[in-house]
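Before any comments, here is the structure.
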Amino acid sequence: MREVFIGTEALARGRLTRASLRWNYRRLFPDVYVPAEAILTLRERTTGAWLWSGRNAIVTGRAAAALHGAKWVGRTVPIELIFRCGRPPPGIVARNERIDADEIAERAGLLVTTPQRTALDLARHLPRDHAVASLDALAQATDVKAVDVLALAQRYPGARGIARAVTALSLMDGGAQSPRETWLRLILVDEWRDPVRTQIKVDDGSQTSYLDMGYDEPMVGLEYEGAHHSQDRLTYVKDIGRAEFIERQGWHDIRVVSEHSAEFIKYRVGQAFERRGFRPRLRRRS
């Protein structure tokens, strides 16, 4: 047996002996087993959590987002379930919450929250920056809109985390291509009130490129460059020509890498604004 399974069911059907279960498999959750040497995917862990619930739980949170196609969800994140249980086992978060029938879908044979309800739960239960990164990934995968999620939130005016959810949803942007792009955008949002636009098209009629994000009026753009930009020679060479093309169209293009601190990034953007004669509106400090 290679799949995630319920131990008592496998024994009752004669698919395994107790000795085989003990020596060849390990317990993932109570009465839920996997091959002893298996390195589990998030999908397999999610299936295991659902089996543990007696096939009754509804998957939500980051595991649900992954089932809807969202990227960048770690395989070891806690599996969040809407399920009545006082003490779930480690690796599972169970919440006894109201959910309406139109907020439930089916993915990969599992009951899962719809993209709208998934977004609401992400926004309610995760810290702001983690929530926005997860929301960005879900929006990119499903095209879920903040306005639809906020409409859904009106069903639950007294629910835990609704105020936090409104804040996170106001920052959701499906244009992010990675969690680090979300991180970069939030640095800018927290410093300046001027709107940051993502996936800015730069076109001269014969060539087209896109900036990760930027400010239209001063024509200041930013791009987050992962390690592959310097490690892959072909990408590195293409980036040189691309940067020259973007600058010819009048954009000041700021490259950001993982070693850059938030303060350094803000300094560089501030300097670019100054060179362009642009006076940004600062956020008020509390």
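Could you please find all residues in the range 125-138 being assigned to a helix (DSSP H, G or I) and more than 19 Å from ASP102 (Cα to Cα)? HIS125, ARG128, ASP129, HIS130, ALA131, VAL132, ALA133, SER134, LEU135, ASP136, ALA137, listed by residue number.
Scanning the range 101-123 for residues that are assigned to a loop (DSSP other than H, G, I, E, B) and either closer than 21 Å to LEU135 by Cβ or touching a Ser or Thr at 6+ places or on another chain (Cβ under 6 Å) (or both) gives a single hit, THR114. What about LEU126, is it touching a residue at least 12 places away in the same chain (Cβ under 8 Å), among the aliphatic types (A, V, I, L, M), under 13 Å from ARG62 (Cα atoms) and open to solvent by less than 30 Å² (accessible area, probe 1.4 Å)? For LEU126, the condition - touching a residue at least 12 places away in the same chain (Cβ under 8 Å), among the aliphatic types (A, V, I, L, M), under 13 Å from ARG62 (Cα atoms) and open to solvent by less than 30 Å² (accessible area, probe 1.4 Å) - is met. Any residue at all in the range 57-67 that's part of a loop (DSSP other than H, G, I, E, B), among the small types (Gly, Ala, Ser) and closer than 18 Å to ILE6 by Cα? Yes, the conditions are met somewhere in the range 57-67. The single residue among ARG45, ARG84 that is of a type in the set (Lys, Arg), in contact with a strand residue (DSSP E or B) (Cβ under 8 Å, 6 or more places away or on another chain) and buried (at least 20 other Cβ atoms within 10 Å of the Cβ) turns out to be ARG45. Could you list, in sequence order, all residues of the range 184-225 that are surrounded by 15 or more Cβ atoms within 10 Å (Cβ to Cβ) and out of contact with any strand residue (DSSP E or B) (no Cβ under 8 Å at 6 or more places or on another chain)? Those that are surrounded by 15 or more Cβ atoms within 10 Å (Cβ to Cβ) and out of contact with any strand residue (DSSP E or B) (no Cβ under 8 Å at 6 or more places or on another chain): LEU186, ILE187, VAL189. For ASP102, the conditions (1) over 17 Å from ALA49 (Cα atoms); (2) buried (at least 20 other Cβ atoms within 10 Å of the Cβ) all hold with the exception of (2).
Every listed requirement among (1) within 20 Å of the chain's Cα centre (by Cα); (2) at pLDDT 95 or above; (3) among the hydrophobic types (A, V, I, L, M, F, W, C) is met by ALA108 save one, (2). Of the residues making up the range 139-169, those that are within 20 Å of ARG98 (Cβ to Cβ) and of a type in the set (Gly, Ala, Ser) are ALA151, ALA153, GLY158, ALA159, GLY161, ALA163, ALA165.
If you scan the range 255-274, which residues turn out to be in contact (Cβ under 8 Å) with a residue 40 or more places away in the chain and either loosely packed, with under 15 Cβ neighbours inside 10 Å or closer than 20 Å to ALA243 by Cα (or both)? Result: VAL256, SER258, ALA262, ILE265, VAL269, ALA272, PHE273.
Quick check: anything in the range 27-42 at pLDDT 95 or above, among the charged types (D, E, K, R) and within 24 Å of the chain's Cα centre (by Cα)? No - not one qualifying residue is present in the range 27-42.
Just one of the listed residues (ASP143, ASP100) is over 11 Å from the mean Cα position of the chain (by Cα) and free of Cβ contacts under 8 Å to residues at least 40 places away in the same chain, and it is ASP143. Residues considered: LEU51, LEU16. Of these, the only one that is free of Cβ contacts under 8 Å to residues at least 40 places away in the same chain and open to solvent by less than 30 Å² (accessible area, probe 1.4 Å) is LEU16. Restricting the range 157-176 to residues that are surrounded by fewer than 17 Cβ atoms within 10 Å (Cβ to Cβ) and not aliphatic (A, V, I, L, M) leaves a set whose member that is nearest to GLN199 (Cα to Cα) is SER170. Of the candidates GLU225, GLU244, GLU191, the single residue that is acidic (Asp, Glu), at pLDDT 95 or above and farther than 30 Å from GLU97 by Cβ is GLU191.
The values are calculated or read from the model by the stated rules, or taken from the named source; none is laboratory data. Since the model is a prediction, treat every value here as computed from it, not as a measurement. Reconstructed Cβ throughout: ideal geometry from the backbone, glycine too, with neighbour counts over all protein chains shown. Note: areas computed on protein heavy atoms with side chains; ligands, DNA, RNA excluded. Shrake-Rupley method; radii C 1.70, N 1.55, O 1.52, S 1.80 Å.
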